[in-house]
Amino acid sequence: MAKTVLVINSGSSSIKYQLVDLETSQSLASGLVEKIGEPTDGHYKHEVNGEKHELEEPIHDHETGLKRVLGFFKEYGPDLDKAGIIAVGHRVVQGGAIFPKPALLTQKTLSQVKDLAVLAPLHNGPEAEGAEVMSRLMPQTPQVFVFDSSFFFELPKKASTYALNKDIAKQYHIRRYGAHGTSHQYVGQLVPDLLGKPAEGLRQIVLHIGNGASASAQVSGHPVETSMGLTPLEGLVMGGRTGDIDPAVVFHLIRNAHMSVDELDTLFNKRSGMTGLTGHGDMREVHKLIAEGDEDAKLALDIYVHRIVGYIGNYTAQMGGLDAITFTAGVGENDEIVRRRVVEQLEPFGVKLDQEKNDQRSKEARIISTPDSTVAVCVIPTNEELSIARQAEIVAIQGDAYGNKFQA
């Protein structure tokens, strides 16, 4: 009998989901719910066996959306009653200093996840709501919180601590928490086998580059640095986020543009990055503009690559050397131009790209550097859903690290 986990990623107005077969590591079905709570009709898409089933109708709230999703599984398959489902795994961005490991949904952990929304206001609230709804709709199935920040819980204090007044930082829980941790952990674990080297002592940088983007430095499989901070805003240039920026820009805009906190939040998180520089958050559109001679797009790509290369240099120095750089996520896996531009900047240090391998499109993990390159350059497709599913399985069977065990 199959053993599966339903992975859910609840946003403020959307839900992504995937049913993962733990024995084959394959996705049996996936889908998307969009425009929850909006005045226009919402959109559902359920994909199974290569077929797409779509529907448009009003979606009042997350409960409405998730009820319809369970209906899709019943109508189009796989039937969850027969799929061997052992848990529902919920992606949560922020676990703060409370959750170094995944947690079973209880009244206490649910309340804690909601409270942590002060650190991730766009994420934790909807994610907690999705889990709460699913616990009502599937009361016989364990609901497991899996946190993006958990992998970076063990960052050295010198990396996780800001040079902010220590009393203020302690009172308001301000530190570097990181994000995309499930992806960084999943990809980082695959690199030693791909290279045929032991994990012990391996110094690597993982570049999770998509609409959201982050970098991590790992030694022997443990994180020693990451680019995202208190929130996912810090670090690399992203689709709509600024990444690193002088915090005094906030003061300047408050005093001179009379912008509110909400306006600044929107500006920094949604109207900046590649969107703010070019009008497009999708890198494919940026490349089209560059091909047409758009100078703003050329500059934006220069900034994008400059920031990535800067982090590679920083992390290499912090680790005392570098054995591997791995590209992952949407841009990292599919954009040969960005990969080439980044590695070109590293050529003076003996990093060499195999252009033919770099230009090939593939869904497989692969090495795209030359045999004589001083650093291995890899492309590994991320699979956050599989990582979440595997972690949820352990909690469902063994209980979590906080003494909670599921009781139907």
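Computed quantities for the displayed model
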quantity: Förster-model FRET efficiency, 41 Å R0, ASP244 and GLN107, C-beta, rounded to 0.05; calculated: 0.60
quantity: Qualifying GluC sites (Glu not before Pro) for the range 248-350 [loop in DSSP, other Cβ within 10 Å: at most 16]; calculated: GLU292
quantity: Dipole of the range 63-138, positive direction: furthest Cα of VAL118, ALA97, SER135, with charges on the beta-carbon; calculated: ALA97
quantity: Stretch gain in nm, segment THR40-GLN140, where the contour uses 0.36 nm per residue and the Cα spacing is subtracted; calculated: 32.6 nm
quantity: The range 35-118: trypsin sites (Lys or Arg not before Pro) in DSSP coil with no more than 11 other Cβ atoms inside 10 Å; calculated: LYS82
quantity: Stokes-Einstein D in µm²/s, Kirkwood radius over Cα pairs - the range 340-402 at 25 °C with 0.890 mPa s viscosity; calculated: 172 µm²/s
quantity: Proximal lysines to LYS3, defined as alpha-carbon separation beneath 21 angstrom and excluding residues fewer than eight positions away on the same chain; calculated: LYS16, LYS74, LYS82, LYS405
quantity: Of ASP246, ASP372, ASP323, the one that fluctuates the most in a GNM where the chain has Cα springs shorter than 10 Å; calculated: ASP246
quantity: The range 270-353: translational diffusion in µm²/s, Stokes-Einstein, Kirkwood Rh over Cα pairs, 4 °C, 1.567 mPa s; calculated: 94 µm²/s
quantity: Of the DSSP H helices in the chain, those whose Cα atoms cover at least 15 Å axially and whose Kyte score averages 0.0 or more; calculated: 181-195, 295-319, 384-398
quantity: Solution diffusion estimate, µm²/s, Stokes-Einstein, the range 61-102, Kirkwood Rh from C-alpha pairs, 4 °C, viscosity 1.567 mPa s; calculated: 102 µm²/s
quantity: Percent antiparallel among DSSP beta bridges (both partners in the chain, rounded to 5); calculated: 70 percent
quantity: FRET efficiency, 1/(1 + (r/R0)^6) with R0 25 Å, evaluated for ILE168 and GLU263 via beta carbons; calculated: 0.55
quantity: Within the accessible area of the chain (1.4 Å probe), percent carbon and sulfur; calculated: 50 percent
quantity: Gained length - THR370 relative to ASP294, 0.36 nm times residue gap less alpha-carbon distance; calculated: 24.1 nm
quantity: In Å, descending, principal axis extents of the Cα set of the range 1-129; calculated: 41, 41, 20
quantity: Three semi-axes of the equivalent ellipsoid, the chain, Cα gyration tensor, whole Å, largest first; calculated: 33, 26, 24
quantity: Per-bin percent of Cα-Cα distances, the range 200-262 [5 Å]; calculated: 4, 16, 19, 18, 15, 11, 7, 5, 3, 2, 0
quantity: Chain lengthening between ASP282 and ALA408 when straightened (0.36 nm per residue, less Cα-Cα); calculated: 41.0 nm
quantity: Calculated FRET efficiency for the pair GLU154/VAL309, C-beta based, R₀ 41 Å, to 0.05; calculated: 0.95
quantity: Label point distance in nm, HIS60-ASP302, each placed 7 Å from Cα along Cα→Cβ; calculated: 5.4 nm
quantity: Per residue convex hull volume, Cα atoms of the range 138-279, in Å³; calculated: 181 Å³
quantity: Computed Rg/Rh of the range 257-303, alpha carbon atoms with Kirkwood Rh; calculated: 1.11
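The values are calculated or read from the model by the stated rules, or taken from the named source; none is laboratory data. Values in this document were obtained by computation on a predicted structure and should not be read as measured data. Glycine gets a Cβ as well: all are built from the backbone with ideal geometry, and neighbour counts include every protein chain shown. Just so you know, the surface numbers come from the protein's heavy atoms only, side chains and all, with ligands and any DNA or RNA stripped out. Shrake-Rupley method; radii C 1.70, N 1.55, O 1.52, S 1.80 Å.
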